[in-house]
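Here the structure comes first, spelled out in structure tokens, and everything after it is commentary.
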Amino acid sequence: MVFGRWQKVLKLAVSQNENEQFIQELKTYRRILVLAGTVYLLWWFAVKLSLPQAYNPFLSRSLVVAIIFAFLGWTYVAAWAQNNIRLLVFASVWLITAHFYYLFYENGGDSNWIVGTYITVIAINLCFVHTPSLLAYSIFVAFLSSAVVVLIPSLRDSIFLPGLLTILLQANISLRTRQGIIKNLMESNERFQLLFHSTFDGILVHENGRILNVNESMTKISGFARHELIGKSVLDILDPSVHTSVSAKFSLDDIPPYQTKGLTKDGKIIEVEVRAKPFIYDRRPAKLVTVQDMRDRKKAEEEKIKSLTLAENIRVRDEFISIASHELKTPISSLRLQTQMLEKDLRRNVNLAGGAEEVEEAVQLFKRQIDRLTELVDSMLDVSRISAGRFIIEWDEVDLVKLSRQAIDLLSTQNSSTGAPPILLHAPTELKMQGDHRRLEQVLENLLSNAIKYGAGKQITVKIGSSSEEILIEVLDQGIGIEAHAIHKIFERFERAVSSRNISGLGLGLYITRQIVEAHGGHLSVESEPGRGSNFRVHFKKSQAAK
Ligand code: ADP
């Protein structure tokens, strides 16, 4: 009704719910009552000092002040007074005005009292922000002024009444401007409140560690209610282990974001990221702190990784299905074609004895295609065994040199028709280690068959040696090499650095090779340059060597 919501508007971060708003307003109006009563009493001294002869009885002034303070006291004992405190403030300013006019009248319209009336009316007018209450007050003052003019004839010839009416008119006109300013302030405050409370980050304002305000997210992060946090020390919501480091930052202005440990109401320690900067709050130098719950961020990151991994897995799987179908189809088509041809020959009742050579050729082709199919299916089975954790190593004593020779012989025979130079072997007479014979054979065959496949028909060399720390097997070729960006991928499942159209393959060989080597406690590495060849290295720890 009176004084509007000035105080509330100007408070940067006001109450959040109805109840807190009510308490805030009650406090503000109580302050106004105290101010009005005190000023009216102090004015008595001012008048006594400057106008000692004036009629200014202490008793009646004290009575007015006492009534105002009684109103104030009443708000502490009665709910009605609390709920209608605006009315009590309104009644108080009317009472002060009426009493002032009484003194004015008793002083016979003295010019000093005319000035005093102007000051009183202007001061009170400035506090009104609602049109009806200002209008009612203006009519009341106009009525009192007219009555004084009637009672004191000398005032009729003065400018008292026109002056006062001008003041009232001015106050009523300028109210619109004030209302506009208040509306803008309230709107911007509401926008601020909306942002303050709807942001996901926790926000906290503190002055030397004492919490002045918090937003809703902060209450969610900490588990404390807003009223529990306000007035508390920041340290109360931090893990004791970080108290010293955090309190050292209270007085600093330029603080880079840092991670620390928050303490929730139920005693849980949570990782939070904090950013703080100087901030003027309620005209006090404070700090504005944003608090991010790392659990949320971690969860979001995990979700993101999960969905990316899922998408990547789907992509890889689809690509694999397409490559695998293509790879399996090639030998099957060839087998079908050969079978059809044989069948045709049989139908025509061809003398098979005469075509023994032809049959022999067909059988060899069948064998090769069946071997290829078996190899592909074996690779897939190995991968599924690795994924299911059923990849078992059968330990035995293995001579790596003998194993390499066998692998070189096998692959050289298989590729005898290509015209490539023989594979060179640099190795001691024997080098024994503990391992799975069949699996290590697989490692050498995979690396060698890749060297043949991607080696552009050039010289291939296998080197076997050992140092004080490790046993090293190197397979070197001078073929197409690998682009730098693909090197880290080729040891993964289904990953290939070449197009499936150029050279066939499932992208499983190196993955299986890596798994076997790692199961033996070793690791694989590669050095390669496009167009200049590759050097695949198998490193085993010396401890793996057979004693
Ligand atoms: P695949 O040979 O069936 O594609 P691998 O897992 O054995 O599968 O090899 C993965 C990829 O690594 C190959 O597709 C190829 O791009 C690359 N690669 C492997 N060995 C060599 C090599 N000796 N020279 C060049 N590239 C190679």
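Looking for whichever is assigned to a loop (DSSP other than H, G, I, E, B) and at negative phi here; the options are F192, F200, F196. Which one fits? Lay out the reasoning, then the answer.
On the way: F192 fails: assigned to a loop (DSSP other than H, G, I, E, B); F196 fails: assigned to a loop (DSSP other than H, G, I, E, B).
Exactly one residue qualifies, and that residue is F200.
Give me the pairs, please: first residue somewhere in region 175-200 and without any contact (Cβ under 8 Å) to a residue 60 or more places away in the chain, second residue anywhere and among the hydrophobic types (A, V, I, L, M, F, W, C) and not in a helix (DSSP H, G or I), beta-carbon distance under 9 Å, and either six or more positions apart or on two chains.
So the pair list comes out as L175/F128; L175/V129; R178/F128; R178/V129; Q179/V129.
Looking only at region 203-225, count every residue that is surrounded by 19 or more Cβ atoms within 10 Å (Cβ to Cβ) and in a helix (DSSP H, G or I) and tell me the total.
Selection size over region 203-225: 5.
Conditions (1) hydrophobic (A, V, I, L, M, F, W, C); (2) more than 21 Å from R295 (Cα to Cα); (3) touching a Lys or Arg at 6+ places or on another chain (Cβ under 6 Å); (4) modelled with pLDDT of 90 or more, marked per residue:
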{"position": "L195", "(1), (2), (3), (4)": "yes, yes, no, no"}
{"position": "E207", "(1), (2), (3), (4)": "no, yes, yes, yes"}
{"position": "H227", "(1), (2), (3), (4)": "no, yes, no, no"}
{"position": "I237", "(1), (2), (3), (4)": "yes, no, no, yes"}
{"position": "P240", "(1), (2), (3), (4)": "no, no, no, yes"}
{"position": "F250", "(1), (2), (3), (4)": "yes, yes, no, no"}
{"position": "G262", "(1), (2), (3), (4)": "no, no, no, yes"}
{"position": "K268", "(1), (2), (3), (4)": "no, no, no, yes"}
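Applying the selection to region 233-283, what residues are loosely packed, with under 11 Cβ neighbours inside 10 Å and under 19 Å from the mean Cα position of the chain (by Cα)?
P256, P257 - these are the residues of region 233-283 that are loosely packed, with under 11 Cβ neighbours inside 10 Å and under 19 Å from the mean Cα position of the chain (by Cα).
Does region 460-482 hold any residues that are more than 16 Å from L444 (Cβ to Cβ), near the ligand (Cβ under 9 Å from one of its atoms) and either in a strand (DSSP E or B) or not β-branched (V, I, T) (or both), and which are they?
Matches in region 460-482: G479, G481.
Which of the residues belonging to region 442-455 are hydrophobic (A, V, I, L, M, F, W, C) and more than 9 Å from the ligand (Cβ to nearest atom)? It would help to see each step written out before you state the result.
Step one: filter region 442-455 for residues hydrophobic (A, V, I, L, M, F, W, C), giving 443-444, 447-448, 451-452.
Result: V443, L444, L448.
Output the residues belonging to region 525-541 that are surrounded by 14 or more Cβ atoms within 10 Å (Cβ to Cβ), under 15 Å from A497 (Cβ atoms), in contact (Cβ under 8 Å) with a residue 12 or more places away in the chain and more than 10 Å from the ligand (Cβ to nearest atom).
none
Anything in region 406-431 that is modelled with pLDDT of 90 or more and crowded, with 16+ Cβ neighbours inside 10 Å? List them, or say none. It would help to see each step written out before you state the result.
We begin by selecting, within region 406-431, every residue modelled with pLDDT of 90 or more; these are 406-409, 423-431.
Of everything in region 406-431, those that are modelled with pLDDT of 90 or more and crowded, with 16+ Cβ neighbours inside 10 Å turn out to be A407, I408, I423, A427, L431.
Of the residues in region 483-523, how many are more than 9 Å from the ligand (Cβ to nearest atom), in contact (Cβ under 8 Å) with a residue 60 or more places away in the chain and not in a helix (DSSP H, G or I)?
1
The values are calculated or read from the model by the stated rules, or taken from the named source; none is laboratory data. All values derive from a computational prediction rather than experimental measurement. Ideal geometry is used to build each Cβ from the backbone, glycine not excepted, and the neighbour counts take in all protein chains shown.
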